[in-house]
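Here is the structure we will look at.
The values are calculated or read from the model by the stated rules, or taken from the named source; none is laboratory data. None of the values given here were measured: they were computed from a predicted structure. Note: ideal-geometry Cβ built from the backbone for every residue, glycine included; neighbour counts use all protein chains shown. With ligands, DNA and RNA removed, areas are computed over all heavy atoms of the protein, side chains included. Shrake-Rupley method; radii C 1.70, N 1.55, O 1.52, S 1.80 Å.
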Amino acid sequence: MAKSKLVKANEKIAEKVVGSFETIEGAVVGGYSKLESTVVGGYTKIEDAFVGRYLTKDGETVEEAKKRLKAEQET
């Protein structure tokens with residue numbers, strides 16, 4: 001059965017709308033991911049600097065201090 005011109009036109013419109021939505025969705029998700037990475041990276045730098053400056057003991061690395069502090073918190 002042949003499709004009418006209106007049905008074909010509606011299908012084309014639907015395809016373009018879905019394509020546009022996917023493009024917008026990709027841009028939004030990509031932007032959010034970049035923002036999230038930037039914020040988490042910035043926080044980690046600040047956290048490492050604070051731990052290194054105020055919470056490390058003699059000769060202890062920042063990672064060792066974080067592990068020690070986490071262990072102390074759990075007990």
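Per-structure values
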item	result
Where trypsin sites (Lys or Arg not before Pro) in DSSP loops with at most 11 other Cβ within 10 Å are excluded, longest remaining stretch of the chain	4-56
Semi-axes of the equivalent ellipsoid for the chain, Cα gyration tensor, largest first, Å	57, 13, 7
Largest-first ordering by accessible area, 1.4 Å probe, given options 61, 56, 38, 75	75, 38, 61, 56
C-alpha long axis of helix 62-74 to longest principal axis of the chain, angle in °	90 degrees
The range 10-15 - phi-based ³J(HN,Hα) in whole Hz, Karplus 6.51/-1.76/1.60, Gly and Pro as x	5, 5, 5, 4, 4, 4
Length released on extending from residue 57 to residue 45, taking residue separation times 0.36 nm less the Cα-Cα span	2.4 nm
Residues whose placed amide H lies under 5 Å from that of residue 60, excluding near-sequence neighbours	none
Å² per residue, accessible surface of the chain at 1.4 Å	90 Å²
Helical contribution to [θ] at 222 nm, DSSP H n ≥ 4, -39,500 (n - 2.57), averaged over the chain, rounded to 500	-28500 deg cm²/dmol
Candidate lysines - alpha carbon under 30 Å from residue 12, same-chain residues fewer than 8 apart omitted	3
The chain, accessible surface, carbon-and-sulfur percent (1.4 angstrom probe)	63 percent
